[in-house]
1. Could you put Ser8, Ser90 in order of accessible surface area, largest first, with the 1.4 Å probe and the full protein assembly present?
2. Give the peptides 92-104, 33-45 in descending order of average Cβ contacts within 10 Å, highest first.
3. Excluding same-chain residues fewer than 8 positions from Lys104, which lysines have a Cα within less than 22 Å of its Cα?
4. Helix-only estimate, please: 222 nm mean residue ellipticity of the chain, summing -39500 (n - 2.57) across DSSP H runs of length 4 or more and dividing by its residues, to the nearest 500.
5. Excluding residues fewer than 8 places away in the same chain, name every one of the aspartates and glutamates whose C-alpha is closer than 18 Å to that of Lys6.
6. Of the accessible area of the chain, with the probe set at 1.4 angstrom, what percent is carbon plus sulfur?
7. Can you give me the accessible area per residue for region 10-51, using a 1.4 Å probe, in Å²?
8. How large is the Kirkwood hydrodynamic radius of the chain, in angstrom, based on all distinct alpha carbon pairs?
Amino acid sequence: MGEVLKLSNRALELDPTNDAVAYGYNAVANLNLHRLSEAEKSALKASEIDRNNSDPRVHFLLAQIYEAKRDPANEAAQLREYLKFASDPSDAAMVKQYLADLEKRTAK
């Protein structure tokens with residue numbers, strides 16, 4: 001993951017305002033390195049750049065970050081955002097089930 005972080009940081013140095021993919025890779029690398037604040041910041045920037053939600057997976061990534069931060073409210077909100085734009089029915093079904101399980105766990 002260190003190499004992914006290094007390469008994504010370099011890509012962001014070259015184009016810090018338009019590269020949602022580089023921010024996504026940066027967020028994944030930071031998440032895997034347990035640098036949750038940095039992961040969240042990069043994922044939010046990716047989401048901001050991708051205003052048309054052409055890649056809704058950033059919302060799933062944000063949900064993973066919020067899960068690691070033990071923030072179920074934001075985790076659920078991001079899963080719902082993902083479902084608004086998901087195009088793969090099998091992925092959507094998996095996320096719906098995950099969201100239902102999360103809602104059951106947090107209702108207790």
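The values are calculated or read from the model by the stated rules, or taken from the named source; none is laboratory data. Since we're looking at a predicted model, the values are computed, not measured. We place every Cβ from the backbone using ideal geometry, glycine too, and count neighbours over all the protein chains shown. When the accessible area is computed, the model is the full protein with side chains, heavy atoms only, and any ligands, DNA or RNA have been set aside. Shrake-Rupley method; radii C 1.70, N 1.55, O 1.52, S 1.80 Å.
1. Order by accessible area, largest first: Ser90, Ser8.
2. With the highest mean Cβ count within 10 Å placed first, the list reads 33-45, 92-104.
3. Lys69, Lys84, Lys96
4. Result for the chain: -25500 deg cm²/dmol, rounded to the nearest 500.
5. Cα-Cα hits under 18 Å: Asp15, Asp19, Glu38, Glu40.
6. C and S atoms contribute 52 percent here.
7. Computed with neighbouring chains in place, this is 60 Å² per residue.
8. For the chain, the Kirkwood estimate is 14.1 Å.
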